[in-house]
Amino acid sequence: MTLYIDADACPVKAEAERVATRLGVRMVLVSNGGIRPSANPLVESVYVAAGLDEADRWIADHAAHGDVVVTSDIPLAARVIASGASVVKPDGDELTTANIGSVLATRDLMADLRSADPFRQGGGRSFSARDRSRFLDVLDRVLRRARVAGGTDSGRTPG
């Protein structure tokens, strides 16, 4: 089991590292660069080429059944869910096979509305301490569930 973090704009990298360390889970931070490497032996940094969706493509190519991915990117979430991985958004929402279809449809609808109305820009709520706390709880639960489902007490060895 590996915890993959879509790290470029992730506000909960430190929180994810705390949970991964406590549970002994390998964590991979994937970014285009600019992310300081961790001294934690369970945390690996992967730097991909600069370019649109390069980090997403790398995560989608590596995440597999039993892994957990932290991302806000809905199309990436849909791809890794299809491969059997679990997904947690930084605000603590868990995306699953049961809800990814409606989340993806809502994302597409909102993109269409924004493109049709130039005055309908932004609008997302700000990230709060409550979101951060909820993320910690949900990530802990999802990692524990993945561990039980995978039948392992320790993560795969890095490499």
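Of all residues in the range 32-53, those that are farther than 15 Å from Tyr4 by Cβ and without any contact (Cβ under 8 Å) to a residue 60 or more places away in the chain have Cβ atoms under 9 Å from Cβ atoms of residues that are in a strand (DSSP E or B) and of a type in the set (Gly, Ala, Ser), 6 or more apart or on another chain, in Arg36/Ser45; Pro37/Ser45. Does Gly33 count as at pLDDT below 95, in contact with a strand residue (DSSP E or B) (Cβ under 7 Å, 6 or more places away or on another chain) and either among the aliphatic types (A, V, I, L, M) or surrounded by fewer than 20 Cβ atoms within 10 Å (Cβ to Cβ) (or both)? Yes. For the range 1-98, the strands (runs of 3 or more DSSP E) that sit wholly inside it and include 2 or more residues that are closer than 19 Å to Asp131 by Cβ are 2-6, 68-70, 86-88. The single residue among Glu54, Glu44 that is out of contact with any helix residue (DSSP H, G or I) (no Cβ under 8 Å at 6 or more places or on another chain), surrounded by 12 or more Cβ atoms within 10 Å (Cβ to Cβ), at pLDDT 95 or above and not aromatic (Phe, Trp, Tyr) turns out to be Glu44.
The values are calculated or read from the model by the stated rules, or taken from the named source; none is laboratory data. These numbers come from a predicted model, not from an experiment. Please note: Cβ atoms are built from the backbone with ideal geometry, for glycine as well, and neighbour counts cover all protein chains shown.
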